[in-house]
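Step one of this worksheet: look at the structure below.
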Amino acid sequence: MSTLKNIPQTMNIPLFIGAGRIEYGTKATPTPGPGQLLLEVKANALCGSDRSQFFDGSTTTPGHEASGIVVAAGEGAVTPIGTPGVAFLMDFCGECRSCKSGFTNQCFNKRADYGFTHDGGYGPYMVINESVFYPVDPSIPLTEATMILDIMGTGGHAIKRAKLVHKDIRSMLIAGAGPIGLGVLAMAKILLCTEIPVFIMDFVPYRLDLAKQMGGIPIHLGNQSLAESVQAAGLKGVDAAIDTSGKTAARQSALDSLNQRGVLICVGHGEQLNLKVSADLIATERSVLGSEYFQYHELEENHELLKKHLPYLSQIITHRFGLDKIQEAYELFFQGNTGKVVIEH
Ligand SMILES: [Zn+2]
Ligand SMILES: [Zn+2]
């Protein structure tokens, strides 16, 4: 094993003990095995999907939006020590039919979800298989580098899913202006024509203000209805709707707002959707698709886009906390008045 410097044998880690409480403890610093890398974590972004780990507890160290620097490499790993980069959530096999066709987010033999089944980015160090590491340009600050994961990755993948079935999207609706909703908005502006109207609906004024600043048309559901807002813009409906909220009511109203040939993409996990197959699918030729995380190869394109649009995308990160303030960070994040919140090591 090659290493950059003396790595401490033990590390302080946050313990997610449940009931929304975080304590701190000590754990042995992991050693990378064959084909693995040891990352010194520099930043990890909070995510809505950490909710159950925060409230119900976790035996592993959470954190699945990590960036860091390679400080040790196991046997056979070739990434140079000192390389900055990010960790892709899913440890895909690289051999199955899905992986061979690029669908690494749908691996048939997935070995790990870092931050869920294996220790993640809230520890000072984490071990990952080299195949899920993606190096980033040293010009990108490592806090901002986390955005090529869930923000740009998940957001962009949802838009690409919509484009699979609708080639001429001229209007879009996003349900939920949380970090993933803002990521979808940003990627819609970057990947589609910036002039197309992108409505974004939520109940939290803070998030809607941020969405407006990023070029979205905010719909405050406490004050206005979706249908009225779309009509006020001179439209009958939208071509694509992306649900990041996971709520039945939001999915239902998003589906109802679609034009003929429209497509609904469900990104947020959660509740159900009731389909009237004749009216919703057959007569109108609408589509409903799911979109899960993103494919490893998308990191390459998103890395270029992040370099190009760094100031625009950086607006999504609204709060930064130290590793000793994870508790405060989650409390603020789940109360809603934030964009992306990042823990910096
Ligand atoms: Zn996430
Ligand atoms: Zn696979």
*asked:* Let me spell it out: the conditions are (1) more than 13 Å from ligand 1 (Cβ to nearest atom); (2) out of contact with any Asp or Glu (no Cβ under 7 Å at 6 or more places or on another chain); (3) farther than 15 Å from LYS42 by Cα, and SER171 meets all of them except one. Which number is the exception?
replied: (2)
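For the range 31-147, give me every one of the helices (runs of 4 or more DSSP H) that falls completely inside it and has 3 or more residues that are within 16 Å of ligand 2 (Cβ to nearest atom).
Hits in the range 31-147: 97-100.
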*Which ones in the range 134-155 are under 23 Å from PRO14 (Cβ atoms) and in contact (Cβ under 8 Å) with a residue 24 or more places away in the chain?*
LEU142, THR143, GLU144, ALA145, THR146, MET147, LEU149, ASP150, ILE151
*Kindly indicate whether any position in the range 78-90 is farther than 13 Å from GLU40 by Cβ, touching a Cys at 6+ places or on another chain (Cβ under 9 Å), within 16 Å of ligand 1 (Cβ to nearest atom) and not basic (Lys, Arg).*
yes
*Among the candidates SER101, SER58, SER49, which residue alone is loosely packed, with under 14 Cβ neighbours inside 10 Å and either assigned by TED's automatic domain parsing to the domain that holds GLN335 or more than 16 Å from ligand 1 (Cβ to nearest atom) (or both)?*
SER101
*asked:* Quick check on LEU192: is it within 22 Å of GLY246 (Cβ to Cβ) and either aromatic (Phe, Trp, Tyr) or free of Cβ contacts under 8 Å to residues at least 40 places away in the same chain (or both)?
replied: no
*asked:* Every residue in the range 104-118 that is away from ligand 1 (no atom under 16 Å from the Cβ) and out of contact with any Asp or Glu (no Cβ under 7 Å at 6 or more places or on another chain), please.
replied: THR104, GLN106, CYS107, PHE108, ASN109
*Close pairs (7 angstrom Cβ cut-off, 6 or more residues apart or separate chains): part of a helix (DSSP H, G or I) in the range 317-342, of a type in the set (Ser, Thr, Tyr) anywhere*: ILE326/TYR122; LEU332/THR338
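The values are calculated or read from the model by the stated rules, or taken from the named source; none is laboratory data. Please read all numbers here as calculations on a predicted model, not as lab measurements. So basically every Cβ, Gly included, is an ideal-geometry build from the backbone, and we count neighbours across all protein chains shown.
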